[in-house]
Amino acid sequence: MPLPHFSTLDLECLALEHIVPRLHDAGFCYLDHFVGEVVGDCVLEQVKRMHSNGVLKNGQLAGQQRATVRSHIRGDKIAWVSGTEEGCEAMGYLLSVIDRLVMLCGSRLGKYYVKERSKAMVACYPGNGTGYVRHVDNPNGDGRCITCIYYLNKNWDSKVHGGVLRIFPEGKSYAVDVEPLFDRLLFFWSDRRNPHEVQPSYSTRYAMTVWYFDAEERAEAKEKFRSLTASGKQAGSRQEDGSG
């Protein structure tokens with residue numbers, strides 16, 4: 001697969017002249033024709049193969065001891081990939097370009113210091129009218145600061161196919177509709193500033209999402225989780241020996 005060359009200068013220009021100011025001004029931004037049709041087609045082919053091979057499983061809702069599936073809340077099928085797996089080479093290349101772009105934003109992301117991200121979530125809405133109700137990605141300080149979504153849908157007509165990502169910017173009287181168009185890369189703040197929903201999709205809709213972490217908030221969230229886990233184990237131990 002011939003890979004396009006992205007110079008540091010090109011990516012730095014995108015980061016500093018488009019992404020950073022738009023995130024600060026509006027809370028979101030997107031880039032069209034991001035990696036081009038050749039790479040985009042390869043990524044799409046790999047995602048479709050995962051789908052046809054049954055790799056994608058029903059999306060789950062976090063926040064409970066056992067994550068539950070509720071199709072009336074979210075109807076996507078997902079899988080988590082690092083991009084290093086066999087058959088995921090184009091995805092890995094795409095992720096490397098996005099990583100470089102985010103890192104070039106550097107200290108200009110306000111209070112955030114980004115040095116790591118999640119694995120990529122490959123998602124498919126099967127086209128049966130399913131979507132994802134209004135929600136916030138990071139309502140409770142889990143470390144995620146930037147949500148980044150790459151769309152893979154050719155010849156998408158939202159009037160026919162639906163599937164629009166609707167953002168409700170905090171404190172604004174309007175909503176913003178983002179169509180899930182092929183080779184479009186979307187960024188937005190992951191916290192309560194950007195509640196959003198995926199409107200019902202009536203055609204198969206593919207996307208890849210990664211979340212970038214603020215180092216300090218992520219460390220605090222991990223420490224809180226360790227403390228809760230430790231206290232839970234202690235409580236369980238007291239119950240077993242009859243104390244408490």
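Ranked from largest to smallest solvent-accessible area, with a 1.4 Å probe on the protein heavy atoms, His24, His72, His18, His161 come out as His72, His24, His18, His161. Among the listed pairs Lys159/Lys222; Lys111/Lys224; Lys77/Lys159; Lys115/Lys224; Lys57/Lys154, those whose Cα-Cα separation exceeds 31 Å are Lys159/Lys222.
Only aspartates and glutamates eight or more places from Lys172 in sequence, or on another chain, were considered; those with a Cα closer than 20 Å are Asp25, Asp137, Asp191, Glu197.
Computed over the alpha-carbon pairs of segment 170-215, the distance histogram in 10 Å steps reads 17, 50, 29, 3 percent, short to long. Based on DSSP loop calls and a cut-off of at most 15 other Cβ atoms within 10 Å, the longest stretch of the chain free of exposed GluC sites (Glu not before Pro) is what? For GluC sites (Glu not before Pro) (loop position, at most 15 other Cβ atoms within 10 Å), the longest site-free span of the chain is 1-84.
How much area per residue is accessible in segment 85-244 when the probe is 1.4 Å and only protein heavy atoms are counted (Å²)? Heavy-atom SASA per residue in segment 85-244 reads 49 Å². Converting phi to 3J(HN,Hα) with the Karplus coefficients 6.51, -1.76 and 1.60 and the offset θ = phi - 60°, segment 10-17 yields 4, 5, 5, 4, 4, 5, 8, 9 Hz in sequence order, with x at every glycine or proline.
Normalised by the number of residues in the chain, the average gap of Cα pairs under 8 Å and 6 or more apart makes the relative contact order 24 percent. A DSSP coil position with no more than 15 other Cβ atoms inside 10 Å describes the following chymotrypsin sites (Phe, Trp or Tyr not before Pro) in segment 144-187: Tyr174. Every pair of different Cα atoms in the chain enters the Kirkwood calculation, which places the hydrodynamic radius at 19.2 Å. Between the Cα long axis of helix 89-105 and the first principal axis of the chain there is an angle of about 80°, rounded to the nearest 10. Kirkwood radius, segment 92-223, all distinct C-alpha pairs, inverse of mean reciprocal distance: 15.5 Å.
Put simply, segment 89-170 fits an ellipsoid with semi-axes of 26, 18, 12 Å; these come from the alpha carbon gyration tensor as the roots of five times its eigenvalues, largest first.
Using just its DSSP H runs of length 4 or more, each adding -39500 (n - 2.57), the chain gives a mean residue ellipticity at 222 nm of -10000 deg cm²/dmol after division by all residues.
The values are calculated or read from the model by the stated rules, or taken from the named source; none is laboratory data. Because the structure is predicted, anything quoted here is derived from the model rather than measured. Ideal geometry is used to build each Cβ from the backbone, glycine not excepted, and the neighbour counts take in all protein chains shown. Only protein heavy atoms, including side chains, enter the accessible area calculation; ligands, DNA and RNA are left aside. Shrake-Rupley method; radii C 1.70, N 1.55, O 1.52, S 1.80 Å.
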